[in-house]
Amino acid sequence: MNKIISLISLGCPKNQVDTERMIASLEDAGYTLSDSVDGADIVVVNTCCFIDEAKKEAIETILEIAELKKGGFIGSIIVCGCLAQHYGNEILAQIPEIDAVAGIGANGSIASIADSVFRGEKISLLPPKEELPLEGRRVLVSPPYWAYLKIAEGCSNHCSYCVIPEIRGEYRSREMESVLEEARDLAGRGVKEVILVAQDTTAYGMDLYGEYKLPDLLKKMAEIDCLVWIRLMYCYPEKVTDELIEAIASTPKVVHYLDMPVQHINDGILSAMNRQSTSEGIKSLIRKLRERIPDIILRTTVITGFPGEGEQDFEQLAEFVNEFEFDRFGCFAFSPQQGTPAALLENALSEQEKADRCDILMNDQYSVNEAKNLDKVGNIYRVLVEGYDGYSDSYSGRSYMDAPEIDTKIIFTSGKLHEEGDFVDVEILGVSEYDLLGKALTGLEDT
């Protein structure tokens, strides 16, 4: 009997990697995977609940699937991921249409859970979160030429606003050879860009080897044939060592791009957040990065409206953002998460004030982006082709300056045909909002 199952993956890249491992497990167990939920015997929703917006998206998605079940359009529902881990049986009680709730430690048992649900059983499985599989086959849901590569799980930083340590557990690195073996496998399957992810990539190796091992990992990964770009995400400022800076600067294939959320710049707010960085430390690091790697692209995120953030604190943050002119920037209004120390703090700001402050920073950043984009006119960048628009007869892609899914694009025309996953040199001729416009200079290139 053909058993059709559909997976919906919500949230961050780390969650996407978990989804890809579950897809592989289900395929190995004989399930037929469908991109559409319509007619599926089982729909699996891999959820996120990092912030309120993620929780809201997860709940709304589950409710939509529940309505499809009521209408007879699908069979059963399995909810897994962070929301399931955090709320457990409460989800079953609140949404009776759900057939199974599985914590992250049960991901490796997703096929047997699906078998039980297929037989009509109602399941709640919440084993220790540390049982989450960190290795195993993956079925990529990203395009075949790039992939996320999770090098660790959990987090031991315990920022006061963050629920991740409670949901995902303490930080645990993967063995270096395991990571490298997966990178080799991805490269062998045609992946040209790997994006290294973890809750804190810079902490990689400390728990296993007693020292930060990310620089060594980058150097060894760069030796893998067929890989072209290696990108770093989720770096903590206080753990960006001189060794890591040198590895980024001098290791072939490691792109000059660093995702480094600073969250705030006021020392009092940073302390209340239980962040280990300081205002001067962050500023000195940025100067050092730009001095050693002049073409580095720095991405960061900040939080506005943290409890106790006064006008002067916010002004200090705004001045910092304007002075240091980040290449890529995101801002989140503080949202208290149940069970975190920050949720108990006094002097909370109104939702409107938090949102207004976020809007101010984003509006300022628009001008920064506009000026930086105009400075790129006339430059030539190697672009990874990601799509073609027949209406405008143009291609879109990314240079080293842009991570997939969250950053901008380079839109270009070409006198030759290109396939997704090809590299081509593009001269920048203009700008359009956040994107760059250009024209291909050469034909197809292999690397």
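Listing for the model above:
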| quantity | calculated |
| --- | --- |
| Residue check, PHE329 surrounded by 19 or more Cβ atoms within 10 Å (Cβ to Cβ) and assigned by TED's automatic domain parsing to the domain that holds PRO165 | yes |
| Checking GLN352 against (1) closer than 30 Å to ASN274 by Cβ; (2) in contact with a strand residue (DSSP E or B) (Cβ under 7 Å, 6 or more places away or on another chain), the condition it does not meet | (2) |
| Hey, GLU211 farther than 25 Å from ASN274 by Cβ and either more than 18 Å from the chain's Cα centre (by Cα) or among the basic types (Lys, Arg) (or both) or not | no |
| Selection count, segment 363-381, where residues are surrounded by 14 or more Cβ atoms within 10 Å (Cβ to Cβ) and under 23 Å from the mean Cα position of the chain (by Cα) | 2 |
| Subset tally (residues that are part of a helix (DSSP H, G or I), out of contact with any Phe, Trp or Tyr (no Cβ under 7 Å at 6 or more places or on another chain) and not aromatic (Phe, Trp, Tyr)) for segment 322-344 | 5 |
| Members of segment 123-180 found to be in a loop (DSSP other than H, G, I, E, B), surrounded by 21 or more Cβ atoms within 10 Å (Cβ to Cβ) and basic (Lys, Arg), listed by number | ARG138, ARG174 |
| Candidate set from segment 287-304 (those that are surrounded by 14 or more Cβ atoms within 10 Å (Cβ to Cβ) and either not assigned by TED's automatic domain parsing to the domain that holds LEU244 or not in a strand (DSSP E or B) (or both)); member that is farthest from the chain's Cα centre (by Cα) | ARG292 |
| Segment 260-286 - residue that is in contact with a Phe, Trp or Tyr (Cβ under 9 Å, 6 or more places away or on another chain) and in a helix (DSSP H, G or I) and, of those, surrounded by the fewest Cβ atoms within 10 Å (Cβ to Cβ) | LYS283 |
| For GLU353: the one exception among (1) within 16 Å of CYS331 (Cα to Cα); (2) not assigned by TED's automatic domain parsing to the domain that holds ILE248 | (2) |
| First in segment 42-66 and more than 19 Å from PRO336 (Cα to Cα) and hydroxyl-bearing (Ser, Thr, Tyr), second anywhere and outside any helix (DSSP H, G or I) and modelled with pLDDT of 90 or more, Cβ under 9 Å, 6 or more apart | THR61/ILE8; THR61/LEU10; THR61/VAL45; THR61/THR47 |
| Condition met for GLY108 (within 25 Å of ALA40 (Cβ to Cβ), not in a helix (DSSP H, G or I) and not hydrophobic (A, V, I, L, M, F, W, C)) | no |
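Okay, residues lined up against (1) assigned by TED's automatic domain parsing to the domain that holds ILE296; (2) modelled with pLDDT of 95 or more; (3) surrounded by fewer than 18 Cβ atoms within 10 Å (Cβ to Cβ); (4) within 22 Å of the chain's Cα centre (by Cα):
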residue	(1), (2), (3), (4)
GLU319	yes, yes, yes, no
GLU323	yes, yes, yes, no
CYS358	yes, yes, no, yes
ASP389	no, no, yes, no
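The values are calculated or read from the model by the stated rules, or taken from the named source; none is laboratory data. Small disclaimer: the values here were computed from a predicted structure and weren't measured. As a convention, Cβ positions derive from the backbone with ideal geometry for all residues, glycine included, and neighbour counts pool all protein chains shown.
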